[in-house]
Amino acid sequence: FETLQKEAIGLYQDETNSETYVQRLGMKADAQFIIMLSNISLNSTEENYRSVTKVMIEAKAYDNCTAEGLGTIVLEADAKSGEDPKSTKMLGIKDAVNNGFTKLLYLFNQYIGNWVNNGTPFEIRFYSIGTFRDFRELRNKMLADTKFGGQLEILSLDNYTKLNLTFKDRPDDLAYKILDYADQIPEFKSKILDVKLIYGRQINFAPQKVNPPELQL
């Protein structure tokens with residue numbers, strides 16, 4: 001991970017933020033979902049000159065495109081014994097992951113299953129375009145469109161606005177629709193919005209002649 005892919009530079013948030021770390025890691029790996037393993041608990045004892053190890057691992061699943069946490073599960077292995085403590089621990093970790101794999105699949109299947117009814121989750125970012133008040137008309141147009149599902153949340157800071165929403169079609173179709181709506185709103189039309197980044201289910205917009213500092217190479 002010495003260098004990040006070009007898309008990762010488009011992220012706005014502080015690099016020390018854990019959610020941003022997940023997104024940057026996912027972009028580097030070209031993955032829309034990330035599983036982070038942490039809090040590995042190794043309980044080792046000696047029985048009859050053999051090492052006995054009980055392994056438990058905390059696994060967190062994330063949607064890398066939106067940084068949404070899908071859930072946390074505990075992966076657990078049966079006690080393993082052997083003469084070599086190191087190999088016994090590694091065997092326990094491997095079995096813990098294998099034994100809990102179906103639990104991880106359940107998290108993903110449950111998350112993706114919701115897309116059928118509500119649409120796919122997207123994170124839309126707007127740079128140097130307008131204030132929270134300016135986005136009211138754009139939000140109303142989205143809510144009136146049946147392509148948009150049950151979620152539409154706006155986060156705003158000065159001239160930076162982020163929309164978390166669900167949409168029942170492809171990312172490029174969503175980008176076209178937002179551009180069409182923007183051209184119908186005088187405050188936005190004069191700024192000539194354009195797409196600065198499409199990665200997975202994240203789309204960044206800015207005025208056509210503006211290159212946000214986070215996107216400069």
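The values are calculated or read from the model by the stated rules, or taken from the named source; none is laboratory data. For clarity, every value in this text was computed on a predicted model and none was experimentally measured. Reconstructed Cβ throughout: ideal geometry from the backbone, glycine too, with neighbour counts over all protein chains shown. For the accessible areas, the whole protein counts, side chains as well, though only heavy atoms, and no ligand, DNA or RNA atoms are used. Shrake-Rupley method; radii C 1.70, N 1.55, O 1.52, S 1.80 Å.
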Efficiency by 1/(1 + (r/R0)^6): what FRET value for Met36 and Arg170, r their Cβ-Cβ distance, R0 = 22 Å, to the nearest 0.05? 0.20
Taking only protein heavy atoms and a 1.4 Å probe, the highest-to-lowest accessible-area order of Leu75, Leu155 is Leu155, Leu75
Overall form of the range 95-217 per C-alpha gyration tensor (a/c, 1.5; a/b vs b/c): prolate
What order do Met36, Met142 take when sorted by accessible area (1.4 Å probe), most exposed first? Met36, Met142
Which distance in nm do the two modelled labels at Ser81 and Ile192 give, with both placed 7 Å along the Cα-to-Cβ direction? 7.6
Using a 1.4 angstrom probe on the protein heavy atoms only, could you order Val97, Val74 from most to least accessible area? Val74, Val97
Provide the per residue accessible area, probe 1.4 Å, for the range 96-215, rounded to a whole number of square angstrom. 53
Work out the length of the dipole vector of the range 102-217 about its Cα centre, built from +1 on the beta-carbon of each Lys and Arg and -1 on the beta-carbon of each Asp and Glu, and round it to the nearest 20 debye. 160
What order, most packed first, do the peptides 187-199, 103-115 have when packing is the mean number of other Cβ atoms within 10 Å of each residue? 187-199, 103-115
Given the Cα-Cα distance of Tyr160 and Val74 and 0.36 nm per residue of separation, how much length would full extension add, in nm? 27.2 nm
